[in-house]
1. 5 Å is the cut-off here: which amide hydrogens, built 1.01 Å from N in the peptide plane, fall below it relative to Lys30, excluding neighbours closer than 5 in sequence?
2. In straight Cα distance, which lysines are under 28 Å from Lys22, not counting same-chain residues fewer than 8 positions off?
3. Show the residues, 5+ positions off or on another chain, whose built amide H is closer than 5 Å to the amide H of Thr86.
4. Using the basic label-point model (7 angstrom from Cα toward the beta carbon), what is the Ala119 to Thr18 distance in nanometres?
5. Where in region 53-108 are there GluC sites (Glu not before Pro) that are in a DSSP coil and have at most 10 other Cβ atoms within 10 angstrom of their Cβ?
Amino acid sequence: MSRVQLALNVSDLDQAVTFYSKLFATTPNKVRPGYANFAVADPPLKLVLIEGHGEPGSINHLGVEVETTDEVAATDARLRGEALPTATEDGVACCYAVQDKVWVDGPDDRPWEIYTVLADVEMAPGELRTVQPGDDALCCADAPESAERCC
């Protein structure tokens, strides 16, 4: 099952977790320092909360969680066929998970990721997006400003 992902910047993670737990009648799937995510069944939604990045209440990024790496690759091929610049990350540790993903930036540089989760992993908070669409070079370690965009 695919589901849309909405990643929000929040000022108080505990308060946000309490609110969204009540709103969607579910508990978080994963909680780490400055980070939480919900796998909401109805409506199908991956809600990600990121504390301390960007303007509280603003969208950090958007995405689509898919089931397989093949779906990620097919989306990458389709987007490239539409002449959209993409950036891929295979086996990247991001948001406390090992993921395969493709990034594309929408209008107004709004980042979108299409990804699949391969495994859980522990990591340092703030290590997020490592490549930019149109630039397959790693950038997170060299350009900390890219860490504002996460998965």
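Only the coordinates and a few stated rules stand behind these numbers; no lab work does. All figures in this text were calculated on a predicted structure; none of them were measured in a lab. Positions of Cβ are generated from backbone atoms using ideal geometry, with glycine treated the same way; all protein chains shown enter the neighbour counts.
1. Asn37
2. The reachable lysines, counting only those whose Cα sits under 28 Å from Lys22, are Lys30, Lys46.
3. Distant-sequence amide H within range of Thr86: Gly134.
4. Each label point is offset 7 Å from its Cα along the Cβ direction, giving 3.7 nm.
5. Values: sites: Glu65, Glu67, Glu71, Glu82, Glu89; in loops: Glu67, Glu82.
The qualifying sites are Glu82.
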